[in-house]
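Notes follow once the structure below has been shown.
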Amino acid sequence: MQNTLKKPTLALAIAGSMFMAACNQSAPKSNTMTDSTTTATVKLPAAARFERTIDGKKTELFILKNKNGAEAAITNYGAHLISLLVPNKAGEITDVVLGFDDIEGFQKAAGAYYGATIGRYGNRLAKGKFTLDGKEYTLFTNNGPNTLHGGKKGFDSMVWDAKQTDSATVELSYLSKDMEEGFPGNLKVKVIYTLTDDNALKVSYEATTDKTTVVNLTNHAYFNLNGQGTGSVLEHSVKIDADAYTPVDSTLIPTGKIEPVKGTPFDFTAAATIGSRIEQDNIQLKDGKGYDHNYVLNKHDISTPVATVVGDKSGIKMEVFTEEPGMQFYTGNFMNGTNTLKGGAKDEHRTAFAMETQHYPDSPNQPAFPSTVLKPGAVYKTVTIYKFSK
Ligand code: BGC
């Protein structure tokens, strides 16, 4: 389909980074955070708490490690990213994603999609309907009048087949059967997580179908670059290489317009903190309860970052690279402290943000948007990279 796999041109300076790790502070200091600005846990969850049988299939925890001391934890339940440990500016290991200590935590908070792989259609489909080749399909509406992130039971709640192919890579596969959640076609999906030696988490997606369908896959990691459980992300600085975004109606469905960000609180073409304009009197911010909007990315060739975020306390910088034309920037506006995260932290309001690389919301109902149609014989392939430095 429209996504073609290109080799990332990011330099993987393995030897260089190992040399750096050996001679300066980039080597992680310890596994226990002592910084008084944070109470974050930096331990990976216990594998045993992910070993369950769900829908007759075994679930487990996979740990990826790179040569630099970074680690990632992933489960085949919903292909969730659970933890991502990278060093902060003081060289201390910091867990930059929100998640739970056990599978039950993810099951209970399913509607929040912490770290989940989202499909078959990420983001919203208006009124739970779309038409393909003249046939109307009706989906479960799980978000007011709309369908969000795949419907009643999306890919985030499925048990995937998984195989760890080396110490830094896990491959997850899932067969979404014809008409599962109302979508046509048997869709074979593969998601590969790789933790590279330059402290980047690469997420590669692939899918094929036997009937024409729509596909929009993304990852729903909630990041706090100061560390999970360290409070608000409003002081994080954000830059997004997008001159335009897709404004929405009051149910967060795009109006179809592509509007310039210039002169609006949506302009992150120059770095600004998340909180600097989030409370401005703006109807889009009001309806989204903050930022919950799709950015129309200027470039999406995976060679230049589409977004750069810096944690104010940790100095951790995250760069996002993607082949997707859009990115939903969501500032945890619906988080309200009801869930208990890893190490007992609460998911308080705006204590994380998500950057969901994807095709635009509601594309199947919006002919002017890039197409999300996948036909038999074509291969859906797309890559997103989250790269961490300090
Ligand atoms: C949506 C939000 C939603 C959140 C749920 C985001 O992708 O845009 O509106 O509340 O997912 O986790």
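What the table below lists for this structure:
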read-out	value
Subset of the stretch 126-161 (residues that are under 19 Å from the mean Cα position of the chain (by Cα) and assigned to a loop (DSSP other than H, G, I, E, B))	149, 150, 151, 153, 154, 158, 160
Answer from 213, 194 - the residue that is polar (S, T, N, Q) and buried (at least 21 other Cβ atoms within 10 Å of the Cβ)	213
Any chance residue 382 is among the β-branched types (Val, Ile, Thr), within 16 Å of the ligand (Cβ to nearest atom), at pLDDT 95 or above and farther than 17 Å from residue 84 by Cβ	no
Some residue of the stretch 97-119 being over 30 Å from residue 311 (Cα atoms) and surrounded by 21 or more Cβ atoms within 10 Å (Cβ to Cβ)	no
Residue satisfying condition, being away from the ligand (no atom under 16 Å from the Cβ) and open to solvent by 20 Å² or more (accessible area, probe 1.4 Å), within set 208, 169, 230	208
Matching residues, the stretch 146-166, being within 15 Å of the ligand (Cβ to nearest atom) and β-branched (Val, Ile, Thr)	147
Selected residue (criterion: nearest to residue 126 (Cα to Cα)) from residues of the stretch 136-156 that are touching a residue at least 60 places away in the same chain (Cβ under 8 Å) and open to solvent by 50 Å² or more (accessible area, probe 1.4 Å)	145
Test set (1) more than 14 Å from the ligand (Cβ to nearest atom); (2) over 25 Å from residue 83 (Cβ atoms) - residue 248 fails condition number	(1)
Count of residues meeting criterion [out of contact with any Phe, Trp or Tyr (no Cβ under 8 Å at 6 or more places or on another chain), part of a loop (DSSP other than H, G, I, E, B), surrounded by fewer than 22 Cβ atoms within 10 Å (Cβ to Cβ) and not charged (D, E, K, R)] in the stretch 301-320	1
Residue satisfying condition, being within 21 Å of residue 226 (Cβ to Cβ) and out of contact with any Pro (no Cβ under 6 Å at 6 or more places or on another chain), within set 338, 308	308
Total residues in the stretch 211-227, condition within 16 Å of the ligand (Cβ to nearest atom) and either over 30 Å from residue 370 (Cβ atoms) or out of contact with any strand residue (DSSP E or B) (no Cβ under 8 Å at 6 or more places or on another chain) (or both)	1
Single condition residue 378 does not satisfy, out of (1) surrounded by fewer than 22 Cβ atoms within 10 Å (Cβ to Cβ); (2) farther than 19 Å from residue 122 by Cβ	(2)
Meets criteria (among the aromatic types (Phe, Trp, Tyr), open to solvent by 20 Å² or more (accessible area, probe 1.4 Å) and either out of contact with any Leu (no Cβ under 8 Å at 6 or more places or on another chain) or not in a loop (DSSP other than H, G, I, E, B) (or both)) for residue 245	no
Qualifying position, being touching a helix residue (DSSP H, G or I) at 6+ places or on another chain (Cβ under 7 Å) and under 28 Å from residue 388 (Cα atoms), among 169, 117, 196	117
Candidate set from the stretch 321-358 (those that are part of a strand (DSSP E or B), more than 15 Å from the ligand (Cβ to nearest atom) and out of contact with any His (no Cβ under 7 Å at 6 or more places or on another chain)); member that is most open to solvent (accessible area, probe 1.4 Å)	346
Residue selected from the stretch 277-297 under the condition open to solvent by less than 70 Å² (accessible area, probe 1.4 Å) and away from the ligand (no atom under 16 Å from the Cβ), by the criterion farthest from residue 332 (Cα to Cα)	297
Residue within the stretch 116-135 that is over 26 Å from residue 333 (Cβ atoms), touching a residue at least 12 places away in the same chain (Cβ under 8 Å) and of a type in the set (S, T, N, Q) present	yes
Hits in the stretch 165-184 (condition: over 21 Å from residue 55 (Cβ atoms) and in contact (Cβ under 8 Å) with a residue 40 or more places away in the chain)	167, 168, 169, 184
Cβ-Cβ under 9 Å pairs, at least 6 apart or on other chains, the stretch 274-287 side part of a loop (DSSP other than H, G, I, E, B), far side charged (D, E, K, R)	277/267; 278/350
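Residue by residue, here is whether (1) over 26 Å from residue 327 (Cβ atoms); (2) away from the ligand (no atom under 16 Å from the Cβ); (3) of a type in the set (Lys, Arg); (4) in a strand (DSSP E or B) holds:
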residue	(1), (2), (3), (4)
48	yes, yes, no, no
63	yes, yes, no, yes
69	yes, yes, no, no
73	no, yes, no, yes
83	no, yes, no, yes
86	no, yes, no, yes
100	no, no, no, no
105	yes, no, no, no
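The values are calculated or read from the model by the stated rules, or taken from the named source; none is laboratory data. Everything numeric here is computed off the predicted structure, so don't read it as measured data. Positions of Cβ are backbone-derived with ideal geometry, glycine not excepted, and every protein chain shown enters the neighbour counts. Accessible surface is based on the protein model in full, side chains and every heavy atom, while ligands, DNA and RNA are left aside. Shrake-Rupley method; radii C 1.70, N 1.55, O 1.52, S 1.80 Å.
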